[in-house]
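The values are calculated or read from the model by the stated rules, or taken from the named source; none is laboratory data. Treat the numbers as computed from the prediction; the structure is a model and nothing was measured. Positions of Cβ are generated from backbone atoms using ideal geometry, with glycine treated the same way; all protein chains shown enter the neighbour counts. What goes into the accessible areas is simple: the full protein's heavy atoms, side chains included, and nothing from ligands, DNA or RNA. Shrake-Rupley method; radii C 1.70, N 1.55, O 1.52, S 1.80 Å.
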Amino acid sequence: MSIIVAEGVTKRFSSDSRPAVDAVSFAVDPGEFIVLLGPSGCGKTTLLKMINRIYEPTSGQLLIDGVDSRSLPVTHLRRRIGYAIQQTGLFPHFRVEQNIAVVPRLLGWERPRIEARITELLDLVGLPHDFRRRYPRQLSGGQQQRVGLARALAADPAIMLMDEPFGALDAITRARLQDELLHIQRKVHKTILFVTHDIEEALRLADRMMVMNHGQIVQFDTPLTILTRPCTRFVEQLTSANDVLRRLSLLTVASALGRERPPAAGGSADLPPLHPQDDLRFALTQLLGAGESSLPVIDDGREVGRLTLADLRAMLPSTVAGLEGHVPVSGA
Amino acid sequence: MGYLLTNWAYVGTLLLQHLWLTGSAMAISVVIALPLGVLLARVAWLRGPVLGFLGLLYTIPSLSLLVLLIPVLRLGYWPAVVTLVIYAQLVLVRNVVVGMVGIDPAVIEAAHGMGMNSWQRLVQVELPLALPLLLAGLRIATLSTIGIATIAAFVNAGGLGMLLFDGVRTSNHEKIVIGAIAVSLLAIGANVLLRRAELWSQQSRG
Ligand SMILES: Nc1ncnc2c1ncn2[C@@H]1O[C@H](COP(=O)(O)OP(=O)(O)O)[C@@H](O)[C@H]1O
Ligand SMILES: [Mg+2]
């Protein structure tokens, strides 16, 4: 069953003539990493904030775990949904441990359970234990985001809402936190709705991408499909799908392998291995450099599949098809 | 200083009265200003009218206010304290409002997002974060209250103002000087204490 279902959800701010979010409908399955992508002002934040009811929809309905989100007291709903934002919103007068403990305390957890959870979360987000007693102001931007992530995860919510959490970080820190978020997600299997306007971040993180424009969902599909079969010129331009090399650089080995590919048998000891998170442009260079038609993909020391030149080539004609097949959008 | 040597017990009593007047007036003021400030911080459209009204009260000369209150409250402690409370409101309320409204919106959004209710947000987040400004307001209001409290003598409420009034009436310069110095010392002492509290409130967040 879908964990989040939106049915014709609309948000109209009284100051604006056109709705910020315009009758969107979608469904998200448990454990999916959804990335909301679109230009500034297209309604990503508004949509996200309707899920934890910081904004109430003007019309339409949101089902969380099959239940109308309005049927719960709003504070109860929010305590079950992790929330992390770009500015972190950490409480400056709370130490790191107090910040992490906010929701567990609201839920009335026992002290020892909270203490154990803080330690566990510091490990999970890669912060040293002696940061517990620091104040947010004594941390770097990246470290503050880690605390924000730990705080959002604290009460082990099934759903995590993340609004451009890495948007204010430098490129290196951002890339590292993206990697770690994926790593964490492999352990905790949350349903994540993650907002970004950075296409590379979206492609890197998403199981499925929700591309938005003018308050509507333009395309909601896997990164591979979004790149290879953009449904409108808007999506195509957003992803620069016509530039083959750039497109390869945006896709991961994991996405080209597909998720159900069974691991192949060994015999690849001396070949340069690929990692599932390597981009395909790098993979192409490795393939050409090794003069091989396929290379092993290794994750955690285990071969999870082989990437072949055919896998890469398979994407090229579809690009052309995607470009020829596009439907121009009116007003785009 | 001969007067002080022979009348130290009397001057001490006046000092204590002054402290009591100021202290109780400030306590009552905070009890009124805090909820009022919180209300104004939450209900934006009330801010202009209420702060405007408090500003108006603030412009009435303190002696006239005191005289105006005599028919209602008679002489003694109450007209004096009510006058002091009315004067303190503008500074206190304004600082509560500014302190709360000035909190980083992302922090407030996070407090909502974590699932805090209105009371939890107020007690755990907004008031602690507004505390430095709140204490700054308290300090300024206390200093001016210590000064204004000298007019309590005018309605037989005692305090160091007695020395000033008596001194003027009997042309006793020594009394005037001692009274003035005592008021100043009280103000300086209060300033040091409250300033320390203010600094502490700013430090307790790294
Ligand atoms: N609190 C608000 N009040 C009025 N208008 C708003 C508010 N929040 C967002 N909007 C408007 O809604 C539209 C979508 O905004 P937003 O969801 O923040 O976009 P995004 O997150 O995609 O950049 C914008 O036109 C914005 O001006
Ligand atoms: Mg936004």
**Asked** When you go through (1) open to solvent by 20 Å² or more (accessible area, probe 1.4 Å); (2) in contact with a strand residue (DSSP E or B) (Cβ under 9 Å, 6 or more places away or on another chain); (3) not hydroxyl-bearing (Ser, Thr, Tyr) one by one for residue A:21, which number turns out not to apply?
**Response** (1)
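Evaluate region A:51-58: report whether one residue or more is under 19 Å from the mean Cα position of the chain (by Cα), touching a residue at least 60 places away in the same chain (Cβ under 8 Å), within 14 Å of another protein chain (Cβ to nearest Cβ) and within 16 Å of ligand 2 (Cβ to nearest atom).
Here is the first cut: in region A:51-58, the ones under 19 Å from the mean Cα position of the chain (by Cα) are A:51-52.
This time we only want the ones that are touching a residue at least 60 places away in the same chain (Cβ under 8 Å), so: A:51-52.
Now narrow it down to the ones that are within 14 Å of another protein chain (Cβ to nearest Cβ): A:51-52.
Now drop any that are not within 16 Å of ligand 2 (Cβ to nearest atom), which leaves A:51-52.
Yes; the residues of region A:51-58 include at least one that is under 19 Å from the mean Cα position of the chain (by Cα), touching a residue at least 60 places away in the same chain (Cβ under 8 Å), within 14 Å of another protein chain (Cβ to nearest Cβ) and within 16 Å of ligand 2 (Cβ to nearest atom).
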**Check on residue A:137, basic (Lys, Arg), open to solvent by 20 Å² or more (accessible area, probe 1.4 Å) and assigned by TED's automatic domain parsing to the domain that holds residue A:109** = yes
**Prompt:** How many residues, within region A:137-168, are within 16 Å of ligand 2 (Cβ to nearest atom) and among the hydrophobic types (A, V, I, L, M, F, W, C)?
**Reply:** 4
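Looking at region A:1-51, which of the residues that are among the hydroxyl-bearing types (Ser, Thr, Tyr) and modelled with pLDDT under 95 is nearest to residue A:226 (Cα to Cα)?
Here is the first cut: in region A:1-51, the residues among the hydroxyl-bearing types (Ser, Thr, Tyr) are A:2, A:10, A:14-15, A:17, A:25, A:40, A:45-46.
Remaining after also requiring modelled with pLDDT under 95: A:2, A:14-15, A:17, A:40.
Details: A:2: 22, A:14: 34, A:15: 33, A:17: 30, A:40: 19 Å.
Restricting to residues being among the hydroxyl-bearing types (Ser, Thr, Tyr) and modelled with pLDDT under 95, the top hit is A:40.
Look at region A:134-152 and say how many of its residues are in contact (Cβ under 8 Å) with a residue 40 or more places away in the chain, within 12 Å of chain B (Cβ to nearest Cβ) and either part of a helix (DSSP H, G or I) or among the hydroxyl-bearing types (Ser, Thr, Tyr) (or both). I'd like the intermediate steps shown before the answer.
We begin by selecting, within region A:134-152, every residue in contact (Cβ under 8 Å) with a residue 40 or more places away in the chain; these are A:135-137, A:139, A:144-145, A:147-152.
Narrowing the set further to residues that are within 12 Å of chain B (Cβ to nearest Cβ) leaves A:135-137, A:139, A:144, A:147-148, A:151-152.
From what is left, the residues that are either part of a helix (DSSP H, G or I) or among the hydroxyl-bearing types (Ser, Thr, Tyr) (or both) are A:135-137, A:144, A:147-148, A:151-152.
Residues flagged as in contact (Cβ under 8 Å) with a residue 40 or more places away in the chain, within 12 Å of chain B (Cβ to nearest Cβ) and either part of a helix (DSSP H, G or I) or among the hydroxyl-bearing types (Ser, Thr, Tyr) (or both) within region A:134-152 amount to 8.
Quick one: which of B:125, B:107, B:177 is open to solvent by 20 Å² or more (accessible area, probe 1.4 Å) and either in contact with a strand residue (DSSP E or B) (Cβ under 9 Å, 6 or more places away or on another chain) or in a helix (DSSP H, G or I) (or both)? It would help to see each step written out before you state the result.
Working: B:125 fails: open to solvent by 20 Å² or more (accessible area, probe 1.4 Å); B:107 fails: open to solvent by 20 Å² or more (accessible area, probe 1.4 Å).
After applying the criteria, what remains is B:177.
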**Prompt:** Which condition number does residue A:92 fail, the rest of (1) within 14 Å of chain B (Cβ to nearest Cβ); (2) touching a Ser or Thr at 6+ places or on another chain (Cβ under 8 Å); (3) more than 16 Å from ligand 2 (Cβ to nearest atom); (4) in contact (Cβ under 8 Å) with a residue 40 or more places away in the chain being met?
**Reply:** (2)
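Among the candidates A:116, A:168, A:155, which residue alone is open to solvent by 30 Å² or more (accessible area, probe 1.4 Å), assigned to a loop (DSSP other than H, G, I, E, B) and among the aliphatic types (A, V, I, L, M)?
Details: A:116 fails: assigned to a loop (DSSP other than H, G, I, E, B); A:155 fails: open to solvent by 30 Å² or more (accessible area, probe 1.4 Å).
Being open to solvent by 30 Å² or more (accessible area, probe 1.4 Å), assigned to a loop (DSSP other than H, G, I, E, B) and among the aliphatic types (A, V, I, L, M) holds for just one of A:116, A:168, A:155, which is A:168.
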